[in-house]
Amino acid sequence: MASKSKKAEFDAVKTLEHIEQQFEMFQILNEEGEVVNNSAMPSLSDEELQELMRRMVYTRILDQRSISLNRQGRLGFYAPTAGQEASQIASHFALESEDFVLPGYRDVPQIIWHGLPLYQAFLFSRGHFQGNQIPEGVNVLPPQIIIGAQYIQTAGVALGMKKRGKKAVAVTYTGDGGSSQGDFYEGINFAGAYNAPAIFFVQNNQFAISTPRDKQTKGKTIAQKAVSAGIPGVLVDGMDPLAVYAVTKDARERAINGEGPTLIETMCYRYGPHTMAGDDPTRYRSSEMDTEWEKKDPLVRFRKFLEAKGLWSEEKENKVIEQAKEDIKQAIKKADGAPKQKVTDLMSNMYEELPFNLKEQYEIYQEKESK
């Protein structure tokens, strides 16, 4: 009598563990600025390496000055960016001008480097309508305040690019908290289903406002969530500018070659509060944690790397700092000169043709504003 065939062993837990083990953090520079993954070094010229550092230093100064301006009452809503320069600026450095950037509210630096005038970024912070009037040819949308909504928008923009035959990508950013939103899953799933040229970033800065990352998901990584959408997922050291640049460059090349979207999780840290609207990070972060992450500072790491190659100096950095301060001074002055907003502006900007119930109100406010 023939023996019964043995059923294949099935272990759901083992399958999950196997998947999670595949998502190892990609790194090129260690905390001392030493190359630990030479084969993965991106082909950047000395001038490009210096430019990347210049942008990161400039962005750090922009963050410091923006915080000061906010405290002075000269800016409105502001989300600090210090600590995330490698995640934000190095990823953007791998893009081209024809690519479309759909930022979250912390991602103002990327759209400035993509072409949005600095004074308009300040006007956006103030809630002025001119801050959202994007210049012709600058492929960005205003920062999204609704957490995760930009993921769905990015999937749509990317599909539009594909249908128009453009060799470009749509790129978006959210935080680890944003990965818990339904829009996150819908966006990556839609883009994957239509093989749309999109790059989705999750900047895992460890805390969604005050909620620690381990309360967001049971998953060991956020990058592994790409598996559910059938798209590549990458976990990268978000404090390492060269590693962030390399994975972004790779994702872009695959996207424009018809290989679809990528989800990239950048492990990083924000040194400041979630926003300047009253958040106190000392209530949910320890000083030991702050100190640990300060040792990983992307500017310090990259500075050490460049100095070892003879490409950076204190003199070069000071020039960038002074230029940033002067640019900010002139930009805030220009923002101060913007016309004061009126109620009638709100109505006319919202409607091409006013509905009947607003026409009477428009006339009332127009008369008030003319006095």
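At-a-glance table
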{"item": "Sole exception among (1) assigned to a loop (DSSP other than H, G, I, E, B); (2) within 25 Å of residue 112 (Cα to Cα); (3) at pLDDT below 95 for residue 349, by number", "result": "(1)"}
{"item": "Residue check for residue 350: more than 25 Å from the chain's Cα centre (by Cα) and either closer than 22 Å to residue 89 by Cβ or free of Cβ contacts under 8 Å to residues at least 12 places away in the same chain (or both)", "result": "yes"}
{"item": "Filter result (in contact (Cβ under 8 Å) with a residue 40 or more places away in the chain, assigned to a loop (DSSP other than H, G, I, E, B) and loosely packed, with under 15 Cβ neighbours inside 10 Å) within the stretch 33-56", "result": "34, 41"}
{"item": "Filter result (of a type in the set (A, V, I, L, M, F, W, C), buried (at least 24 other Cβ atoms within 10 Å of the Cβ) and outside any strand (DSSP E or B)) within the stretch 256-278", "result": "268"}
{"item": "Set 264, 328: member being assigned by TED's automatic domain parsing to the domain that holds residue 107 and under 20 Å from residue 76 (Cα atoms)", "result": "328"}
{"item": "Single residue of the stretch 21-32 satisfying the filter (over 14 Å from residue 244 (Cα atoms) and of a type outside the set (Asp, Glu)) that is surrounded by the most Cβ atoms within 10 Å (Cβ to Cβ)", "result": "23"}
{"item": "Where residue 267 falls short, out of the listed (1) closer than 24 Å to residue 94 by Cα; (2) in contact with a helix residue (DSSP H, G or I) (Cβ under 8 Å, 6 or more places away or on another chain)", "result": "(2)"}
{"item": "Answer from 253, 292 - the residue that is free of Cβ contacts under 8 Å to residues at least 12 places away in the same chain, over 22 Å from residue 184 (Cα atoms) and under 20 Å from the mean Cα position of the chain (by Cα)", "result": "253"}
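The values are calculated or read from the model by the stated rules, or taken from the named source; none is laboratory data. Please read all numbers here as calculations on a predicted model, not as lab measurements. Quick reminder, even Gly has a Cβ in these numbers, built from the backbone with ideal geometry, and neighbours come from all protein chains shown.
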